[in-house]
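To keep things clear, I will list the structure first and then write my remarks on it.
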Amino acid sequence: MLWGRLCPVREISDSELSFEELVKRNQLLNGIGCGLCFAGISIPLALFDHVPEKVHWWLVSLGFGFMVILPFLFISLVTLSKGLARFYEFWRFYELHYKIGIKGIMAVYIPLMMLGLLSIYQITKYI
C-alpha cells in the first residue's frame, strides 16, 4: 500500500479501455507472468549444489533478477508481437491491478533486472 501511495496510478481516461476489459484481456498473461516469477527465483537456487561456493551469493541475486526478467521477457514477446499499443495496454492493466504507478514499478523492476544481468556476468567468470 505504501508503494502505491508513493507512486499513484493515474486515473482512467475516457479513451482507454475500462478496467474490466483490461482484466479480460490481460489476466491470463499476468497469471503466467506470476508463475514465471516463481520459476525465475527458483531455478538459480536449484543450482546451489552444482556451482562453486563463491558463486552462491550471485545465484541468490540472479534469482531476484530472474523473477523480473523471465516474466518481462515473456510479456514483452507476447504483447509486442501484437504491436506497441498492446504492450502499453498490458502495463496499464498491471498498474491498475496492483494499484502502483508505472514509474514506481519500473523503479524497482529495472534495478532488479540489472542485478540479474550483473549476476549472469559474475557467474560466468567462475564457471
Which order do L77, L59 take by accessible area at a 1.4 Å probe, largest first?
L77, L59
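If the only charges are +1 at each Lys and Arg Cβ and -1 at each Asp and Glu Cβ, what is the size of the charge dipole of the chain around the Cα centre, to the nearest 20 debye?
180
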Averaging sequence separations of C-alpha pairs under 8 Å and six or more residues apart, then dividing by the length of the chain, give the relative contact order as a whole percent.
38
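By Kyte-Doolittle mean hydropathy of at least 1.0 and Cα axial length of at least 24 Å, which whole DSSP H helices of the chain are selected?
Both cut-offs are met by 56-80, 102-126.
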Could you work out which residue, out of F72, F48, F64, moves most in a Gaussian network model of the chain, that is, has the largest mean-square fluctuation with Cα springs under 10 Å?
F48
Can you give the log10 of the normalised intensity I(q)/I(0) at q = 0.19 Å⁻¹, computed with Debye over equal Cα scatterers of region 1-116?
-1.04
When the accessible area of the chain is computed with all protein chains present and a 1.4 Å probe, what percentage of it is carbon and sulfur?
69
Accessible surface, per residue, of the chain when the full set of protein chains is kept, probe 1.4 Å, Å²:
64
List the GluC sites (Glu not before Pro) within region 1-82 that fall in a DSSP loop (any state other than H, G, I, E or B) and whose Cβ has at most 11 other Cβ atoms within 10 Å.
E11
In what sequence, largest accessible area first, do H56, H97 appear using a 1.4 Å probe?
H97, H56
Full-stretch length increase - S81, S13 - with 0.36 nm per residue and alpha-carbon distance subtracted:
21.9 nm
Less than 23 Å apart at the alpha-carbon level, and either on another chain or at least 8 residues along: which lysines does that give for K99?
K24
Calculate the spin-label point distance for E21 paired with W57, positioning each point 7 Å from the Cα along the beta-carbon direction, and give it in nanometres.
5.1
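The values are calculated or read from the model by the stated rules, or taken from the named source; none is laboratory data. On a predicted model such as this, the values are computed, not experimentally measured, just so you know. FYI the Cβ positions are ideal-geometry reconstructions off the backbone, even for glycines, and counts take in every protein chain you see. For accessibility, only protein heavy atoms count, side chains too; no ligands or nucleic acids. Shrake-Rupley method; radii C 1.70, N 1.55, O 1.52, S 1.80 Å.
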